[in-house]
Every structure is written in C-alpha cells, then in structure tokens.
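Q: Dropping the structure in here first, questions after.
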Amino acid sequence: MSMHMHAVPLAETAAERGSVRPMVRFRNIRKSFGELEVLKGVDLDILPGEKVAVIGPSGSGKTTLGRLLMTLEEPTSGTIEVDGEYLWHMEKRGKLVRADEKHLHRMRSKIGMVFQHFNLFPHMTILRNVTEAPIRVLRMRRNEAERLALEMLDKVGLADKRDNYPSQLSGGEKQRVAIARALVMKPQVMIFDEVTSALDPELVGEVLAVIKEIAADGKMTMLLITHEMEFARDVADRVIFIADGRIVEQGPPSRIFTQPESERLQSFLGRFRAYRAGR
Amino acid sequence: MNELIPALLRGLWITVQATFGAFALACALGLILAILRRARIKWVSVPMVWLIEFIRTTPLVVQAVFMWMALPRLIGMPLSALTVGILSLGLHYSAYLSEVYRSGIEGVPRGQWEAAVALNFSPAQKWLRIILPQAIPPVLPVMGNYLIVMFKEVPVLMAITLGEMLLAANSYIASTFADGIVPYSLVALFFLAVSYPSSLLVRLMERRLNRQRGTQYGNRIRNRRSRIRGERTV
C-alpha cells in the first residue's frame, strides 16, 4: 500500500494532458487477492461524459476495476482519481495517506453502480428501493424523493410497479429498477458491472435499451463492464480490452471490433463470434 | 395447599418478570456483541470473541452467584435478587443470542452490503435499514426458543435467593413439613403450562416465516440458477 508516497499536486497531472481533466483516472493500479494478482498495473483515463466499455475474458480483472472505483475493494497499490481528487487516498501533512471513512463517503457520492445480480433490497417495495438512499443519504424530503423516484422509474418503464416487491419482478425488471435506484443519486460516474450476465437471454434487450437511452443523454460518465459486444459497439466511445490484469488494447469500437491488432483480442473476438454463430 | 398455590403463582410472576427482563437485555446486548464481533478493527473484534466464549463456557449459576456477591460491592449499593437475576441471566444468554444474530447476519447476501456501500449509506444506516431487517426475521423462531429456554433456566437463580417457584416450593415444604411430591409436581406443571403453549406459538411463527420467505426471498434461488446460465455465455 502506498501509505507514504509523496503527494503529487493534482493540478500538475491535469495540466500534463493540456486538455480536459479526466473524470476518472486509474494510475498504475494493482490488485491482489492473496497470491493472485488480478490487476497488474492499469492506467486508464476516462473523460467527463465518456462512455468506456471494458471487455475481456472471465477472470481478466475487468470487474475488479469497477469494484475498486466503487470502493468495494481497495487497490493494493496505485491511485484512483475521481473528478480531480484522490479516491482511496487523502493528503495529510504533504503525504498521501489512506482515505478515512469520511473522505470515502464524500467521494462515493460522485459514483454509482449497477450490479450483475441487481442487489435490490428484498424487504422494500420498488418505490422504497429507489427512495431510501435519497431520503437517508441525501436527506431529501420524502415527497421530493418520491417525485424524483417515480420520474426515474418512469424512465425505465416501471412506474406502475412502485408498490410491488422485488420478488414479484422479472430479472429484467429488477435490473431496470436497480438502474433507476442508482440514477436517482445523480452520480457523475456510473459503473455498469455485467448488468445483463444474470438475465435470461430474452430479457437482455430491455435492459440494454434503457442503458442506451441514458447514454444518449450524454452527460454521465460511464464505465460499462460487459460481455455484450454489440452493445459495447453501439454505446461506447472507447473500448478497453483487458486480459490477464493488463490493458492489452484500446480504441474506438469501430476499430477494435473490425481491426483488432493484438493476437489476444483477435482470438477473444474470434471465440466470441464462434459462440454467437453456434447459438 | 391454601398457601402453596398463591405462593407458586407469586413465584411464577417473578419468573416471568426475570425471563422477559433478561430476554430484553440478552437481545440488546447480543446484537451489540454480534456487530462488534464483525468489526474490522482487531482489538475490538477479538476481545468480543473471547468474551462470548468466556460467558458460554462458564456455568450460569457461577456467574449469578459471583455477580450477586460482586455487583453490590462494585457499585456500592444493595441490589435486589431480581435485578441481579435479570443481569446475570441476560448477560449469559446475550452470548448465545449473539451467535443467533450472527447466523442471521451471515445469511444476508454479500450483494446487499455492496449495494449499501454503492448507495453511500452510513454504517448505522446500513445496519438499521438494510442488514438487520433482513437478518432478524429468519432467526425470530430461534430467538423465541431461547426465550423459552431462559424461562426454564430461572430456577437456577434460586441460588441468589430469587423468590421464583422452586424457592417458593422449598419454603413451603420447610415451613409446613409437608411432603415434597405435590409441591414439586405443581412447579413442573406450572412450567409445562407456560412452556408448551409458547413452544407451539414459536412453531407457528416458524411456519409463517417459511411461507413468507418462500415467496419474498425465494427468487434468490432462481437468481443463482440464472447466474450459472450467465456464466456459460461468457
């Protein structure tokens, strides 16, 4: 852990690029689980409003990348910056030290996440699933939170399910509620972590359609960790291919999917196409 | 006989008071122990594990007589047998109830904790709004069983002169030179009369909860199945 690393003034690093300050910046990120190193030094800048899709084989570390950004896992080394501030670190007497819970709490308000397994709260109605965090965390008034929640539920086409419980919904509907629940917190960065992987094939489309619509709004920065290549091609500004804990190749979807340069990506896409054809 | 029944009923009333007082204490303290035991900071969680083990591996009667002797000295004022009884019985069973809570808490899927982090709930909100409302209902029947077990444990507090039913029976026998068969049988009968209907109630609650969980939480199993399907499409 980089506990005693000297602080790098953030203004300087932003100036290096000369242009827009990245919304998210991974710098030499490593993450180990015991003996296993799943991320082996990842550098990645995501610009404000950019839609970045992360693809790669299972166990490549792509999900871990999102989990580090959501503060569900702590990086073994390296730094993450969000909106110009360190996520996992803070400065104390000129040194970078591990962030305390207060700092993490403040930083998390900029980030939202939609999970593979939805993780809706089973003991709350759909409406309360969406209003609970605005009321408790943002201290929003109940009627204001409900108005906003219904607006979001309407956006994902589920306003009529407000009084149902999660168990009464299909997987696709649950995931759309989870999206509304994350949206209502108005994060600047949204992480979609394999949001269709747990869905029956016939329910994938409705969820992707909702995400496409949100992406079309433009403002939100998105990190889309996905197995859906066509979806990545349609929505992403840039595609990152991760294998064995490293970024192997990246570029605009038009190039990544038509002219992959690295052998790893070629074989990954080849296997994917073969599977698709077989289905 | 005219004196025995009222004496036993007074003993029953004291038993009920001790049971509910101790149960309330055990529920509150047990929850605190269960949560502190999960603390990431080692010097909080490790002493909790020791404390729970210590309480569970020493006899209740020893804890009770020790507290009966030590507590009044410690706080410098006399305490009633009922107070010490509630404190010792409650403390003893808080160790067991903390394990019950623990199993309930461990039954809440990891994704619920992660969603709570992602939505930026504070630790207190996470416990009160997300985790405990899911962790406690499934273990309510087990907690109900402990309530009955505690009720039956109250005669142990005879050792600290708590005037419950067994002590009442003893006093009756001692003062009237009566034979013990009838008084002791009556004590057992009184316990049976309360314990048995209570255990039926707990069983009813258990069945209710299982039915509820079958509908409300049952889809978790379905999720697990589709997750397996999902992995195959990688």
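Taken together, the values in this text are just the output of simple stated rules run on the coordinates, not laboratory data. Values in this document were obtained by computation on a predicted structure and should not be read as measured data. Ideal geometry is used to build each Cβ from the backbone, glycine not excepted, and the neighbour counts take in all protein chains shown.
Q: Ranked by Cβ crowding within 10 angstrom, fewest neighbours first, how are B:Leu97, B:Leu29 ordered?
A: So the residues, fewest neighbours to most, are B:Leu29, B:Leu97.
Q: Name the long-range amide H neighbours of A:Ser32: under 5 Å, sequence gap of 5 or more, or other chain; modelled H, no Pro or chain starts.
A: Close amide H contacts, sequence-distant or interchain: A:Val38, A:Thr76.
Q: A further question follows. Exposed loop sites here are GluC sites (Glu not before Pro) in DSSP loop states with at most 13 other C-beta atoms within 10 Å. What is the longest stretch of chain A lacking them?
A: Numbers: sites that count: A:Glu35, A:Glu261.
It works out to A:36-260.
Q: Something else about it: Quick one: if you stick a label point 7 Å off each Cα along the C-beta vector at A:Arg106 and B:Val16, how many nm between them?
A: 5.6
Q: Based on the Cβ-Cβ distance of A:Thr258 and B:Glu106, what FRET efficiency does E = 1/(1 + (r/R0)^6) give at R0 = 35 Å, to the nearest 0.05? Kindly include the intermediate steps, with their values, before the conclusion.
A: Working: r = 49 Å, r/R0 = 1.39.
With a Förster radius of 35 Å, E is 0.10.
Q: Would you mind checking the pairs A:Lys174/A:Lys219; A:Lys31/A:Lys155; A:Lys174/B:Lys42; A:Lys31/A:Lys212; A:Lys161/A:Lys186; A:Lys102/B:Lys126 and listing those with alpha carbons more than 27 angstrom apart?
A: A:Lys31/A:Lys155; A:Lys174/B:Lys42; A:Lys31/A:Lys212
Q: Once amide H atoms are placed 1.01 Å from N in the peptide plane, what residues at a sequence separation of 5 or more from A:Met190, or on another chain, have their amide H within under 5 Å of its amide H?
A: Those lying under 5 Å, H to H, from A:Met190 are A:Gly112, A:Thr221, A:Met222, A:Leu223.
Q: Between B:Phe66 and B:Phe177, what FRET efficiency comes out of the Förster formula 1/(1 + (r/R0)^6) with R0 = 35 Å and r the beta carbon distance, rounded to 0.05?
A: Step by step, r from the Cβ atoms, then E = 0.55.
Q: Distance from a point 7 Å along Cα→Cβ of A:Val20 to each backbone N in the range A:212-236: keep the residues under 13 Å and list them by number.
A: Taking a point 7 Å out along Cα→Cβ of A:Val20, the residues of the range A:212-236 whose backbone N falls under 13 Å are A:218-222.
Q: Still on this structure, please answer the following. Can you tell me the length gained on complete extension of the stretch A:Glu74 to A:Lys92, counting 0.36 nm per residue apart and subtracting the Cα distance?
A: 4.6 nm
Q: Evaluated at 37 °C with a viscosity of 0.692 mPa s, what Stokes-Einstein diffusion coefficient in µm²/s does the protein assembly as shown have when Rh comes from the Kirkwood expression over alpha-carbon pairs?
A: Value of D from the Cα-based Kirkwood radius: 122 µm²/s.
Q: I would also like to ask the following. Averaging over every viewing direction, what projected area does the convex hull of the Cα atoms of the range B:14-56 cover, in nm²?
A: If I average the Cα hull's projected area over directions, I get 3.1 nm².
Q: Please list 3J(HN,Hα) in residue order for the range B:121-129, calculated via the Karplus relation 6.51 cos²θ - 1.76 cosθ + 1.60 where θ = phi - 60°; whole Hz, with x for glycine and proline.
A: Values, residue by residue: 5, 6, x, 5, 5, 4, 5, 6, 9 Hz.
Q: Can you give me the distance in nm between label points at A:Glu202 and B:Lys152, each placed 7 Å from the Cα along the Cα-to-Cβ direction?
A: It is 5.3 nm.
Q: In which sequence would B:Arg37, B:Arg110, A:Arg93 go, from the one with the fewest C-beta neighbours within 10 Å to the one with the most?
A: Arranged by neighbour count, lowest to highest, B:Arg37, B:Arg110, A:Arg93 become A:Arg93, B:Arg110, B:Arg37.
Q: Express as a percent, rounded to the nearest 5, the fraction of DSSP beta bridges in chain A (both residues included) that run antiparallel.
A: For chain A, the DSSP antiparallel bridge percentage is about 60.
Q: How would B:Thr19, B:Thr57 line up from fewest to most surrounding beta-carbon atoms within 10 angstrom?
A: Starting with the residue having the fewest Cβ neighbours, the order is B:Thr57, B:Thr19.
Q: In addition: Are there any trypsin sites (Lys or Arg not before Pro) in the range A:175-239 that are in a DSSP loop and have at most 12 other Cβ atoms within 10 Å? List them by number.
A: On the way: sites: A:Arg176, A:Arg181, A:Lys212, A:Lys219, A:Arg233, A:Arg238; in loops: A:Lys219.
Of the trypsin sites (Lys or Arg not before Pro), the ones in loops of the range A:175-239 whose Cβ has at most 12 other Cβ atoms within 10 Å are A:Lys219.
Q: Which semi-axes, in whole Å and largest first, does the equivalent ellipsoid of the range A:120-185 have when worked out from the alpha carbon gyration tensor as the square roots of 5 times its eigenvalues? Mind dumping the intermediate values first?
A: Working: eigenvalues 63, 27, 19 Å².
Its equivalent ellipsoid spans semi-axes of 18, 12, 10 Å.
Q: Sticking with this one: Which residues among the range A:246-273 fall inside the zone where the amide N is under 17 Å from a point 7 Å beyond the Cα of A:Asp43, along Cα→Cβ?
A: Under cut-off, by backbone N: A:246-251.
Q: Still on this structure, I have one more. Taking a cut-off of 29 Å, what percent of all Cα-Cα pairs in the range B:4-232 are separated by more than that?
A: Above the 29 Å cut-off, the range B:4-232 has 42 percent of its Cα pairs.
Q: Scattering from the C-alpha atoms of chain A alone, worked out with Debye: what is log10 I(q)/I(0) at q = 0.07, 0.08, 0.11 1/Å?
A: The Cα Debye sum returns log10 ratios of -0.27, -0.35, -0.67.
Q: Report the relative contact order of the range A:120-185, percent, no decimals, based on alpha-carbon pairs under 8 angstrom and at least 6 residues apart.
A: Value for the range A:120-185: 48 percent.
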